[in-house]
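Working notes for the structure below.
The values are calculated or read from the model by the stated rules, or taken from the named source; none is laboratory data. All values derive from a computational prediction rather than experimental measurement. Neighbour counts run over all protein chains shown; Cβ positions are idealised from the backbone, glycine included.
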Amino acid sequence: MSTNSLAKVQQYLHKNIKARITALLLLPMTWLVVIYLGSLAALFITSIWTVDDFTNKVIRTFTLENFIEILSDRAYLNVTIRTLLIAASVTILCALIAIPMSFFMARVVSPKLRPVLIALAITPLWASYLVKIYAWRTMMSPESGFLTWLLSPFGIKSPGYGLVSVVLALTYLWLPYMIIPIYAGMERLPNSILDASSDLGAKPFKTFFKVVLPLTYPAIIAGSIFTFSLSMGDYIAVQIVGGTFQMLGNVVYQNFALDLPFSAAVALIPVIVMVLYLTLIRKSGALENL
Amino acid sequence: MRFVATTQQIKGRNKTLNKKRLLTSLLAIASSTVLIAGCSSSGTSEEAAPAEESAVYQGPVGDTPGTINILAWPGYAEDGSTDPAVDWVTPFEKESGCEVNVKTYGTSDEAVQLMQSGGYDVISASGDASLRLIYGGDLQPVNLDLIPNYADIFDNLKDRPWNTVDGLNYGVPHGRGANVLQYTIGKVDPAPDSWSLVWEANSPVAGKITAYDSAIYIADAAVYLMSTKPELGITDPYALDQTQFDAAMELLKQQKPLVGEYWADYTKYIEAVQSGSIVAGTSWQVIANVLNGEKETVGAVKPKEGATGWSDTWMISKNVEAVDCAYKWLNWIIKPEVNAQAAEWFGEAPANSKACALTANKDHCKLYHAEETDYWSNVYYWKTPTETCLDGRTDVKCVPYSEWVKAWSSFRSA
Amino acid sequence: MILSKNAKIVLTIFMILGMTFIYLPLFIVVLNSFNSSISFSFPPEGFTTSWWSKAAQNSGVKQAIITSVYTALGATAISLVLGTLAASAIARYKFFGRDTLSLLIVLPIALPGIVTGIALNNVFTNYFGGLTYFTIIIGHATFCIVVVFNNVAARYRRMGSSFEEASMDLGANRIMTFRLITFPLLRSALLAGGMLAFALSFDEIIVTTFTAGAGQNTLPIWIFQNLFRPNQAPVVNVVAAALILLSLIPIYLAQRIINAPNNN
């Protein structure tokens, strides 16, 4: 392109905000709408179709049987509630651990020490997800694991593979995702507000609960998006430390091969939950804190 | 050039901008959906039917090099990665000039899905997967004239209904075996001879039992019911009418509290037994063999009630680039020497009659009843249940496999 | 903020407990990479370095690491471009529909990975012929965009538009302004976003399971296949231990750069 026409394009873009915004958004939006939304649409359309009983190929006739199946079978209600409860527990546990840690790193230690501590806290993100769960498996092994060894002087064994292990393992896995936004949020708090609170006579605890927490609330919600969504869809941790019970992700995974429409219908559940959750928290400004 | 747009001007231009953007995005979503929905796809079929005679490769099998992706049961296509001394893939690669990539799967359902998603050229399919693949149009008939070693296959393994349709053969048999009851020596005394160890609520190893994580396991429940509830009248564990099916599901529900973990990944099973969290359950001989590798830790038996089993066939995908390599592999894997190696490593009866003389353990074929018929009379090979009862009954409808899968999914989720 | 001594002690103890929680499993992983018994019981039965030498010779893992690095680089590159473009528009201009768009961008990471995975798999296998290395990259890039977007958008908001306005008042055109003013200010955000995107892509298993074709092993897929294998599981531990140790330094350095004094 000659410099003349380049200059013309620049001038046009400069004067025309509409065009500028469109030009910037063109590529990312095309990608997200066509590739991402498009494939989601293609998937969820199959939920109103069905499969051939024998060959498992999709047959495109309209039917609501998948939804009827999900709604009428108590087992699926159970697994949905179980998954929601696990996701909620994991989120709460992660928050309980991450908030004091982030506060300590962001406001109590000297600025020199901060990069060291935060680097240490998020290093586990670089350790393989699978290996971390497997480490939990060996730790929670009822016969020969670390926890059993630790508790043996008290005569108790580790709870083995099941609900407790899954919640612990998932909390462990998603903790960095909670720490990062909360730490960033706390670091951004202007010193002036905290000093003002102290000046007005509030003890540290009170300042923490009345000033710090409300101000970092959006960041906490932002972290919860990760922990909630990751727990809602996880099917691997359950297979490794979960014993015999299942989560929604397992139902989707199991049926994906043989009954894509049914699997898509089940997959709608976590999607609806997350979309609802996102719309609810939009007001809180959490999306700017991710 | 001066930057002049003020906030007023920006806001003013917004109205047309926002509507346009929203409209374009909606249009994009709508059109892409319509496009996708409207496109004819290879993923659907109106009338699924097996292939026609003309689709058979005429040969001759040349020496064109190529790569084949093989889908196999663990232990069927060992390439040295499990145990460096156990390898019949690398010698094949050297002799044929073909490159081989092996992917193992844990259940027949996984096999069907992987095969249907494309990219695999050769598969070792059990009877509960083979017909689904044939009718799904995923395979091509196999020209047995191009596979010289086929002549030596045991007669009672040739032209079986799970791999031969309308007179067309779709593959060559690999071997057959039973799903065994495995138990950790020392934890179960005396050595068990009945499946009651894993089904009865008063089992001494409750909580440390394992079961196969696939809908086909419902047949194992049916096998047990054949002995404990003969009044149900089950003759074929894959031909269950609704009453019989419900009884099998009841038994499974009774078993669930006794189960520590369900297994589909054989290596996870091995790890669980080694760490002691699993002590008994349904298993494959290869798992017991690996566990007993250094020192004898487990025993494996076919209990008196009989067992489910499998008879596997090597099959070729419909769209294969290196079809010569595929045929070479089929010929290689049923060759007496290789069939003997594979059967011995896995722990199953070989398909090639000449393999029996070549196994390292001279009693191998006797051990696995390769040349008998009595042993197999209460081994019920995996096959796909259909609505038309597989035991020949015409007065009732049987539960088709898709319902098995639904019931299993619901059962596992509860 | 002035904290009482008690408060400081409580917080420090909590911090130590938290760090123990974080590092205990990792410590066990490193421990197991030297464990001579393959059943990983605790306490370990013997010490051996043979797994480390086996890992060094294992061609499968080397191939998997190379594949992972390439796909992660591809996904990071795409997401850096797309994420920055999106952030440039959304964080700086107000337009109706902006909130919906920012919601849309967050969606790939807010919806469970398995949903993205089966959706992409369905489209790729039925309408695009199959799964390739490129489909892996597409899957990864889709959620990596969010990560870059977040970092760059946050930086834009903190930056404000005054620098760019000043630059253009002084006569620079947009491209020059971007090159000389905006980009240097964005650099550390791009670094943070890029590193996080790389890490997410490198370790991703769920979406990858559905978008990788036959024989295309990224490191997580290789690990998944070998996680329980008696002769390979220790090698898996070695790989994980090596990754942990290797990543400590770049992460620390990155944090130094990212948290450099131009904040607040």
Open item on the list: Among (1) more than 21 Å from the chain's Cα centre (by Cα); (2) part of a helix (DSSP H, G or I), there is one condition C:F96 misses while meeting the rest; what is its number?
Closed with: (2)
- [ ] Identify the residue in segment B:377-407 that is buried (at least 22 other Cβ atoms within 10 Å of the Cβ), in contact with a helix residue (DSSP H, G or I) (Cβ under 7 Å, 6 or more places away or on another chain) and under 20 Å from A:S72 (Cα atoms) and, among all such residues, is modelled with the lowest pLDDT.
- [x] B:V405
Open item on the list: Conditions first: (1) in a helix (DSSP H, G or I); (2) crowded, with 21+ Cβ neighbours inside 10 Å. B:A151 passes all but one, so which condition is the exception?
Closed with: (2)
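Residues of segment B:167-214 being among the β-branched types (V, I, T) and at pLDDT below 90, which ones? It would help to see each step written out before you state the result.
Applying the first criterion (among the β-branched types (V, I, T)) to segment B:167-214 yields B:172, B:180, B:184-185, B:188, B:198, B:205, B:209-210.
The one that is among the β-branched types (V, I, T) and at pLDDT below 90: B:V188.
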Task: Residues located in segment C:1-60, provided they are exposed (fewer than 13 other Cβ atoms within 10 Å of the Cβ) and either touching a Leu at 6+ places or on another chain (Cβ under 8 Å) or under 30 Å from A:E187 (Cα atoms) (or both) - done: C:I2, C:S4, C:K5, C:N6, C:I9, C:I13, C:I16, C:T20
TODO: Filter segment A:133-171 for residues that are surrounded by 22 or more Cβ atoms within 10 Å (Cβ to Cβ), facing chain C (nearest Cβ under 7 Å) and either in contact with a Ser or Thr (Cβ under 8 Å, 6 or more places away or on another chain) or not hydroxyl-bearing (S, T, Y) (or both) and give the result.
DONE: A:A135, A:W136, A:T138, A:M139, A:G145, A:F146
Open item on the list: I need every pair where a residue in segment C:169-180 that is at positive phi has its Cβ under 8 Å from the Cβ of a residue that is hydrophobic (A, V, I, L, M, F, W, C), sequence separation at least 6 or different chains.
Closed with: C:G171/B:M1
- [ ] Filter segment B:123-134 for residues that are closer than 13 Å to B:K383 by Cβ and hydroxyl-bearing (S, T, Y) and give the result.
- [x] B:S126, B:S130
Open item on the list: So for segment B:334-350 (the condition being polar (S, T, N, Q) and at pLDDT 90 or above), does at least one residue qualify?
Closed with: yes
Open item on the list: I'd like to verify a number: residues in segment C:48-79 that are closer than 14 Å to C:F198 by Cβ and at the interface with another protein chain (Cβ under 9 Å from one of its Cβ atoms), how many?
Closed with: 1
Open item on the list: Looking at segment C:203-216, can you tell me whether even one residue there is over 19 Å from C:I136 (Cβ atoms) and in contact (Cβ under 8 Å) with a residue 60 or more places away in the chain?
Closed with: no
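For segment A:1-36, give me each residue that is of a type in the set (S, T, N, Q) and surrounded by fewer than 17 Cβ atoms within 10 Å (Cβ to Cβ).
So the first thing to find is which residues in segment A:1-36 are of a type in the set (S, T, N, Q), and the list is A:2-5, A:10-11, A:16, A:22, A:30.
A:S2, A:T3, A:N4, A:S5, A:Q10, A:Q11, A:N16, A:T30 - these are the residues of segment A:1-36 that are of a type in the set (S, T, N, Q) and surrounded by fewer than 17 Cβ atoms within 10 Å (Cβ to Cβ).
Per-residue answers, yes or no, for (1) touching a residue at least 24 places away in the same chain (Cβ under 8 Å); (2) assigned to a helix (DSSP H, G or I); (3) in contact with a strand residue (DSSP E or B) (Cβ under 7 Å, 6 or more places away or on another chain); (4) buried (at least 22 other Cβ atoms within 10 Å of the Cβ):
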{"residue": "A:L43", "(1), (2), (3), (4)": "yes, yes, no, yes"}
{"residue": "A:Y76", "(1), (2), (3), (4)": "yes, yes, no, no"}
{"residue": "A:V90", "(1), (2), (3), (4)": "yes, yes, no, yes"}
{"residue": "A:P111", "(1), (2), (3), (4)": "no, no, no, no"}
{"residue": "A:P115", "(1), (2), (3), (4)": "no, yes, no, no"}
{"residue": "A:I118", "(1), (2), (3), (4)": "yes, yes, no, yes"}
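Has segment A:271-290 got any residue that is at negative phi, of a type in the set (G, A, S) and surrounded by 20 or more Cβ atoms within 10 Å (Cβ to Cβ)?
Here is the first cut: in segment A:271-290, the residues at negative phi are A:271-284, A:286-290.
From what is left, the residues that are of a type in the set (G, A, S) are A:284, A:286.
Remaining after also requiring surrounded by 20 or more Cβ atoms within 10 Å (Cβ to Cβ): A:286.
Scanning segment A:271-290 turns up at least one residue that is at negative phi, of a type in the set (G, A, S) and surrounded by 20 or more Cβ atoms within 10 Å (Cβ to Cβ).
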Task: Residue ID - farthest from the other protein chains (Cβ to nearest Cβ), chosen from residues in segment B:269-285 that are in a helix (DSSP H, G or I) and either β-branched (V, I, T) or without any contact (Cβ under 8 Å) to a residue 24 or more places away in the chain (or both) - done: B:V273
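Rundown of residues vs (1) buried (at least 21 other Cβ atoms within 10 Å of the Cβ); (2) more than 14 Å from chain A (Cβ to nearest Cβ); (3) outside any strand (DSSP E or B); (4) touching a Cys at 6+ places or on another chain (Cβ under 6 Å), yes/no style:
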site: B:Q58; (1), (2), (3), (4): no, yes, yes, no
site: B:D83; (1), (2), (3), (4): no, yes, yes, no
site: B:P91; (1), (2), (3), (4): no, yes, yes, no
site: B:K103; (1), (2), (3), (4): no, yes, no, no
site: B:D109; (1), (2), (3), (4): yes, no, yes, no
site: B:V112; (1), (2), (3), (4): yes, no, yes, no
site: B:G119; (1), (2), (3), (4): yes, yes, yes, no
Open item on the list: Could you tell me how many of the residues in segment B:378-395 are more than 14 Å from every other protein chain (Cβ to nearest Cβ) and either assigned to a helix (DSSP H, G or I) or within 17 Å of B:A178 (Cα to Cα) (or both)?
Closed with: 5
- [ ] Among the residues of segment B:67-81, write down those that are crowded, with 18+ Cβ neighbours inside 10 Å and not in a strand (DSSP E or B).
- [x] B:W73, B:P74, B:G75, B:Y76, B:A77, B:E78, B:S81
Open item on the list: Condition check: in contact (Cβ under 8 Å) with a residue 60 or more places away in the chain, assigned to a helix (DSSP H, G or I) and either out of contact with any helix residue (DSSP H, G or I) (no Cβ under 6 Å at 6 or more places or on another chain) or of a type outside the set (D, E, K, R) (or both). Does A:A95 satisfy that?
Closed with: yes
TODO: Give C:I205, C:I249, C:I175, C:I181 a once-over and let me know the one that is at pLDDT below 85 and under 24 Å from C:I22 (Cα atoms).
DONE: C:I249
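Could you say which residue among C:L103, C:L82 is at the interface with chain A (Cβ under 7 Å from one of its Cβ atoms), surrounded by fewer than 23 Cβ atoms within 10 Å (Cβ to Cβ) and in a helix (DSSP H, G or I)?
Details: C:L82 fails: surrounded by fewer than 23 Cβ atoms within 10 Å (Cβ to Cβ).
Just one listed residue meets the conditions, C:L103.
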TODO: Determine which single condition A:S39 fails, assuming it passes every other condition in (1) surrounded by fewer than 20 Cβ atoms within 10 Å (Cβ to Cβ); (2) farther than 30 Å from B:P400 by Cβ; (3) of a type in the set (G, A, S).
DONE: (1)
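Assess whether C:G160 counts as being modelled with pLDDT under 80 and more than 10 Å from chain B (Cβ to nearest Cβ).
Details: modelled with pLDDT under 80: yes; more than 10 Å from chain B (Cβ to nearest Cβ): yes.
Against the criterion (modelled with pLDDT under 80 and more than 10 Å from chain B (Cβ to nearest Cβ)), C:G160 qualifies.
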Task: Within segment C:106-140, tally of residues that are more than 8 Å from every other protein chain (Cβ to nearest Cβ) and either in a helix (DSSP H, G or I) or under 12 Å from A:Y36 (Cα atoms) (or both) - done: 9
